[in-house]
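To start, the structure itself, in structure tokens.
Please treat every number below as a calculation from the coordinates, not as lab data. Owing to the predicted nature of the structure, the values given are computational and were not obtained by experimental measurement. Using ideal geometry, Cβ is built from the backbone for each residue, glycine included, and neighbour counts are taken over all protein chains shown.
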Amino acid sequence: MPNQMAVLDDAFRALADPTRRAVLERLSRGTASVSELAQPFEMALPSFLQHLRVLEDSGLIRSHKVGRVRTCAVNSLYLNEAESWLTTQRKLWEKRLDQLDSYLLEMKEQHAGETDL
């Protein structure tokens, strides 16, 4: 697997576009053909295929062709990498906010004690 930071950069770059997020959301419910995926979007097929290429190049989806039909699916390995990074960041910031909350409560109690004097 490529370097984790490169994987994350590619994943978040791919997820920056609402069309690609919608495609990924649809694929989270199961595999779909390119024509099924393209149907809800009002864009030319070549433009839509560029979106699929970005998702595939980022590793978030994979596709295979049988005859004339190309079918796409989520590649959970790369999606899990992004989710894991976000979870780590969320835990870090929750811990920092909890520390800030404790500090502010302590300061409030100290200040309340000073005004009682």
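Listed here are the residues, each with its yes/no results for (1) farther than 30 Å from residue 88 by Cα; (2) in a helix (DSSP H, G or I); (3) basic (Lys, Arg).
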{"site": "22", "(1), (2), (3)": "no, yes, no"}
{"site": "36", "(1), (2), (3)": "yes, yes, no"}
{"site": "47", "(1), (2), (3)": "yes, yes, no"}
{"site": "52", "(1), (2), (3)": "no, yes, no"}
{"site": "65", "(1), (2), (3)": "yes, no, yes"}
{"site": "70", "(1), (2), (3)": "yes, no, yes"}
Just one of 104, 77, 92 is part of a helix (DSSP H, G or I), within 17 Å of the chain's Cα centre (by Cα) and not small (Gly, Ala, Ser); which is it?
77
Could you look through the range 72-117, keep only residues that are in contact (Cβ under 8 Å) with a residue 40 or more places away in the chain and among the hydrophobic types (A, V, I, L, M, F, W, C), and pick out the one that is surrounded by the fewest Cβ atoms within 10 Å (Cβ to Cβ)?
77
Pairing a residue in the range 45-61 that is surrounded by 14 or more Cβ atoms within 10 Å (Cβ to Cβ) with any residue that is of a type in the set (Asp, Glu) and assigned to a helix (DSSP H, G or I), where Cβ atoms lie under 6 Å and the two sit 6 or more apart in sequence or on different chains, gives 58/10
